[in-house]
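Colleague: So that we are looking at the same thing, I have put the structure below in structure tokens.
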Amino acid sequence: MTAPAVARAAGRGARRPAARQRVDRWAGVVEGYFRLHAALTYAFLFLPIIVVVVLAFNATTKATTVWGGFSLRWFQIALADEVVRDALTNSFWIAIPNAFMATAFGTMAALGLQRVGRRIRLGFDVLTYMSIIVPEIVIALATLILFATSFDAIQSWFGLKLKFGRETIIAAHVLFNTSLVLLLVRARLSGMDRTLVDASADLFATPWRTFRQITWPQLLPAVIAGFLLSFTFSFDDFVITTFVSGPGSSTLPLFIFGQVKRGVTPETNAVATMMLAFTLAMLFVGQLFLGWQARRSGRRAGISIGEMVTDA
Amino acid sequence: MSEDLETTLRRMTETKVNRRGFLYAAGLTGAAAAIAACSTGGGSSPAASTPASAAPATSDVPSSAPSAAAADSFPPAGEIEKELFMYNWSEYISLANIEAFKAKYGVTKFQYDIYDSNDVLLAKLQGGATGYDIAAPTAEYVPGMVEQGFVQKLDKSRLPNLANIDPKFKGLWWDPNDDYQIPKDFGTTGVLYRTTMIPTVPKSWKDFLELIKGPASGKTVFVDSMGDVFVFPLKMLGFSANSVDKAELDQARTVLLDVAPHLLALDSNKYGEKMANGEAALSLGWTGVLTQDMADTPDKGYVVPSEGSIFWLDTWVLLADAPHPNAAYAFLDFIHTPEIQAEETNYNNYGTPNDKAKPLVDPKVLADPAVFPPDEVFALLEGSKDTSANTQRTDIWEEFKQKLGG
Amino acid sequence: MASSASGVGPRPIGERLRSGLLTTLLLLPAGIWYLVLLVAPLVIIIVFSFGTRAKNGGYAPAFVFDNYVRAFQKPEPFITSLQMATIGTILCLLVGLPLAYYLATRAGRYRGVLILLLVIPFWTSFLIRTYAWLLILGPDAGLAGFLESVTGAEQVQILGTPIAVMIGLVYNYLPLMVFPLYVTLERMDRTLVEASKDLGAGRWGTFRQVTLPIALPGLVTGSILVFIPMMGEYVIPQILGYGRTYLMGNALVTDFLEARNWPSGSARAVFLIVIMIVTLAGYVWFVNRGRKTREVSVL
């Protein structure tokens, strides 16, 4: 029972007047406009990235911004630099658990909020917005104080010595990111086609089955969007991370901001370029893999990462 | 009977989340309020404001000897730990020296974490962050840190190389007995300029003012640092750079608001670059950029204005709950070995307070008056003080920043 | 998601308990996080806001209103932030909405890849991205230098102006606008649009009466997700605006870091939070008024 079939069964399909030939003069123009707008926007988004990548090959020994010739030395330096390696590792091991947790918590909460009364929903909404409204430096400092005092209390009551480190950073990041996912999933849920759900129930599907085959696929784009954004925020965060980190849990942004005082060298550009290359490579490999798998299982080829991300 | 039960259960089910949520929230809020009240987020003495059970360990000196409790006891010398946790400005120790230290004392892990301002360091310490052995605050913040119990008293018998330090950096107001800090390096605040972009070379703060309002209007950058910017009007008017006198600050305010519309930028990180690429002709700043961003600028100049200025001193401190005190002592002594200090200076291009090291420093650096100001210039310099408590200064600073848009 | 949609009478207790349990479990993780890591720190901040600055900075216990008085007397940073955030959000909308629409309805097979490409730039560090803009807009090799050589003007200054700041803001906040719009537009039934046009509504009419209402939850979420953080933003104006504007974020840094006056900073933060909540509530009410079904619930 596919979604389109149910939709038709529930009478949602629009009635199309037969054989109406409307000459839409503007169709081409509008289409062209959207394409141009998208292309320009992506160019805008990637322009600084291109600059960053180009500068990674800068042979200068001092200021990043003066071109001194083509060189790979910064890549060598970056690969050998233990501090950068540690920072990058920390960044990943913080951003990924944070993304999973935030996505899980946020999606669950969005679903849960469908089932409660107005007042609880209102309470939750207030909290969600508060977590976004509170300026970073304020929540960072207050969280530090909370942790520090709690750790002291826990140590004197239970003798258990908790430390600042990756876990405290993850905990702090998950707060904001949960709200992010929550809002995204709820935006998706609101106005979602209830008739599909009702129809499914009428057809005696169990709640779990309804969820799995109707609701979840429709939610998936929002969930994945939430995951991506949560990862991005955590990976790039500076203020909160500065305050709740401990020895050895410096992340890449901390390293880079710290470098600012002495002058940011092309080493950071090299790191960024390598990450970019890695990500694009993974994307490419992932695409190939899915295509190969589809061919192997005999289904129609052409399932792309695109389709995985968007529809089910 | 069963119907009553069912009604009760039904009502329970309906309000279940509500009530539980409320109790949970109430309990947690109460706990949070208690935590807030107990937190020694400031300088109030630990004994007075914290209940016994939740006392943050500020007055206890953790060490390998279990009997140590008083703030004045020194960690006894013992085996040097295999790790050292350093909390410092970015790239502020020569890598060669780090390797040399590790090799000499068998330390395998030299953790180097970064902060980008004294304010962040202090905020973290005041918020309760722990876990580091050594930090490098600027001297004016040391008294406050000592008062709040963030810093251990030093056992000078374990630091023989302290004898190498120039006496003019000892016994200063921030640490009269040199019990808590070891000088690291020093520098000055002054005027940077590009000779080809301005008609006359500034020699005083007055000249500086004329240039800002005249030929260098729209081409001047100040560093984004309250304490340093106030030096300009206060010294120009003949007052102390650390003044907190209401009338004097009022006069300084007039000067600052007067120049604000003429400034190109307020920037501590990129002002060197702006000077180097010609966007700025004049800056109020420090000497570091002269050998970094402006290294290839042929017409650069730096002057400590004739009315006087401040010098800053970065220091090493041993943090109160240092987990590796023996390694820390080893490092603090090691860093003032003459050859090691000379290497630091060659790396950092900031003046070393270590007399024995000076002969070993790269002669070009030694001869640079920006790095090693001659004695007559040094006489013009005041040590900077922590004036962040003064609300009038903060208000003027905010007003100044708001006038920058022009 | 009721288990029996065609409910005959009240559901049995066992099922209701299980249902309640499920709801609780769903809400528990987020709930715990909010209580421990949001409510508790906020209570700390509120308590601080009534205190005084300790001798060496930080918080000293007290109960005074001075900090709030001071916050009310200095509303300028708040107003400046408000102006910047409003314009920034509108610009983000203008750039983001067509893009989201394109991705949701026209991009076809490449949708997923394009969406990933939307976030990939943000996996490079924020700071080096912004520094790259310094180069792009600056003198010498950048846009300003180019304009100087083309127009012969002595000095073209783009950096340090509001334009540079706006470019930086839109650049960094665009995904936050595009994603909510996308996820909402994507589930729009295209046949509705076509039907509307077939029924003579015309392009603009269709947009106003079909597309926009459906996109509304996403639009609201997107503008909130962009506007609110922009109110606290100060780093981009510091770098691209040359520190020439004084915003709420700067004021908080002055209080918390430079002056180390936590009570004053806390009061200003509470002031900001309260105004923002009220504004948000007003915005949401405005969007929801006259709607029969509360499409957007409290959003």
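Derivation of every value follows stated rules applied to the coordinates shown; laboratory data play no part. Just so it is clear, the model here is predicted, and its values are computed rather than measured. With ideal geometry, Cβ positions are generated from the backbone for all residues, glycine too; neighbour counts draw on all protein chains shown.
Colleague: Once phi is turned into ³J(HN,Hα) by the Karplus curve 6.51 cos²θ - 1.76 cosθ + 1.60 with θ = phi - 60°, what whole-Hz value does each residue of the range B:374-391 show in order, with x for glycine and proline?
Modeller: x, 4, 5, 6, 4, 5, 7, 9, 9, x, 7, 10, 7, 9, 5, 6, 7, 5
Colleague: In addition: What are the lysines whose alpha-carbon lies under 23 Å from the alpha-carbon of residue B:403, with same-chain residues fewer than 8 places away excluded?
Modeller: Residue B:403 reaches B:206, B:213, B:219, B:235, B:246, B:270, B:274, C:74.
Colleague: Which three numbers, in whole Å and largest first, are the semi-axes of the equivalent ellipsoid of the range C:30-78 derived from its Cα gyration tensor as √(5λ)?
Modeller: 24, 16, 9
Colleague: List, in order, the whole-Hz ³J(HN,Hα) value for each residue of the range C:129-143 obtained from phi through the Karplus relation with A = 6.51, B = -1.76, C = 1.60 and θ = phi - 60°; use x for Gly and Pro.
Modeller: Computed from phi, the couplings for the range C:129-143 are 4, 5, 5, 4, 5, 4, 6, 5, 9, x, x, 6, 6, x, 4 Hz.
Colleague: Calculate how many DSSP beta bridges within the protein assembly as shown are antiparallel, expressed in % of all such bridges and rounded to the nearest 5.
Modeller: Of those bridges, close to 55 percent are antiparallel.
Colleague: Then there's this: Rounded to the nearest 0.05, what FRET efficiency do residue C:79 and residue B:153 give with R0 = 51 Å and r taken as the Cβ-Cβ distance? Could you check?
Modeller: 0.55
Colleague: For the range C:34-288, what is the charge dipole size about the Cα centre, in debye to the nearest 20, if Lys and Arg each add +1 at the Cβ and Asp and Glu each add -1 at the Cβ?
Modeller: 440 debye
Colleague: What ratio of Cα Rg to 2.2 N^0.38 Å holds for the range B:220-342?
Modeller: Relative to the rule-of-thumb radius for its length, the range B:220-342 sits at 1.38.
Colleague: Below 8 Å, C-alpha to C-alpha, sequence gap of six or more: please give me the relative contact order for chain C in percent.
Modeller: Contact order relative to length: 28 percent.
Colleague: First measure r as the distance between the Cβ atoms of residue B:362 and residue A:194, then evaluate 1/(1 + (r/R0)^6) with R0 = 60 Å and state the FRET efficiency to the nearest 0.05.
Modeller: 0.20
Colleague: What is the ratio of the Cα radius of gyration of the range A:82-309 to 2.2 N^0.38 Å, where N is its residue count, to two decimals?
Modeller: It is 1.23.
Colleague: Next question. Sorted from largest down, what three extents in whole angstroms do the Cα atoms of the protein assembly as shown have along their principal axes?
Modeller: For the protein assembly as shown, the Cα extents along the three principal axes come out at 96, 81, 61 Å.
Colleague: Residues with beta-carbon under 10 Å from that of residue C:59, excluding residue C:59: net charge, scoring Lys, Arg +1 and Asp, Glu -1?
Modeller: So the environment of residue C:59 carries a net charge of +2.
Colleague: About its Cα centre, how strong a charge dipole does the range B:69-195 have in debye, to the nearest 20, once Lys and Arg get +1 and Asp and Glu get -1 at the Cβ?
Modeller: So the dipole magnitude of the range B:69-195 works out to roughly 300 debye.
Colleague: Could you pull out every residue, at least 5 positions away or on a different chain, whose amide H is within less than 5 Å of the one on residue B:88? Hs are placed 1.01 Å off N in the peptide plane, and Pro or chain starts have none.
Modeller: Close amide H contacts, sequence-distant or interchain: B:113, B:114, B:115.
Colleague: Now a separate question. First measure r as the distance between the Cβ atoms of residue B:196 and residue B:173, then evaluate 1/(1 + (r/R0)^6) with R0 = 41 Å and state the FRET efficiency to the nearest 0.05.
Modeller: 0.50
Colleague: At a Cα cut-off below 27 Å, give the lysines reachable from residue A:163, other chains included and same-chain residues fewer than 8 away excluded.
Modeller: Cα-Cα hits under 27 Å: B:82, B:102, B:109, B:124, B:153.
Colleague: With a sphere of radius 12 Å drawn around the Cβ of residue A:138, what net charge do the other residues whose Cβ falls strictly inside it have (Lys, Arg +1; Asp, Glu -1)?
Modeller: That sum, taken over residues with Cβ under 12 Å, equals -1.
Colleague: Computed over the Cα atoms of the range C:34-288, what is the convex hull's projected area averaged over all directions, in nm²?
Modeller: 19.0 nm²
Colleague: Quick one: Karplus J couplings for the range A:137-150, per residue in order, coefficients 6.51, -1.76, 1.60, θ = phi - 60°, nearest Hz, x for Gly and Pro?
Modeller: Per-residue couplings from phi come out as 5, 5, 5, 5, 5, 5, 5, 4, 4, 4, 4, 4, 5, 5 Hz.
Colleague: Over the whole of C:213-224, what's the average partner chain Cβ count within 10 Å per residue? Rounded to a whole number, please.
Modeller: 3
Colleague: With a sphere of radius 11 Å drawn around the Cβ of residue A:151, what net charge do the other residues whose Cβ falls strictly inside it have (Lys, Arg +1; Asp, Glu -1)?
Modeller: +1
Colleague: I need the Debye-formula profile for the range A:114-243: one equal scatterer per C-alpha, no solvent, reported as log10 I(q)/I(0) at q = 0.11, 0.17, 0.18, 0.22 1/Å, two decimals.
Modeller: For the range A:114-243, the Cα-only Debye profile gives -0.57, -0.98, -1.04, -1.26.
Colleague: Now a separate question. Show which aspartates and glutamates lie in cross-link reach of residue C:55 when reach means a straight Cα distance below 19 angstrom and same-chain residues fewer than eight apart are skipped.
Modeller: Within reach: B:119, B:140, B:147, B:175, B:245, B:386, B:395, C:66, C:255, C:258.
Colleague: Another question, if that's okay. With the Cα gyration tensor of the range C:197-284 in hand, convert its eigenvalues to equivalent ellipsoid semi-axes via √(5λ) and list them largest first in whole Å.
Modeller: Gyration-tensor ellipsoid for the range C:197-284: 40, 16, 7 Å.
Colleague: Using the charge dipole of the protein assembly as shown (Lys, Arg: +1 at Cβ; Asp, Glu: -1 at Cβ; taken about the Cα centre), state which of C:161, C:150, C:17 has its Cα farthest towards the positive end.
Modeller: The one lying farthest along the dipole's positive direction is C:17.
Colleague: Please get the size of the charge dipole for the protein assembly as shown, origin at its Cα centre, with Cβ charges of +1 on Lys and Arg and -1 on Asp and Glu, quoted in debye to the nearest 20.
Modeller: Dipole about the Cα centre, nearest 20: 5700 debye.
Colleague: I need the semi-axes of the equivalent ellipsoid of the range A:109-185: take the C-alpha gyration tensor, multiply each eigenvalue by 5, square-root it, list largest first in whole angstrom.
Modeller: Largest first, the range A:109-185 gives 29, 15, 12 Å.
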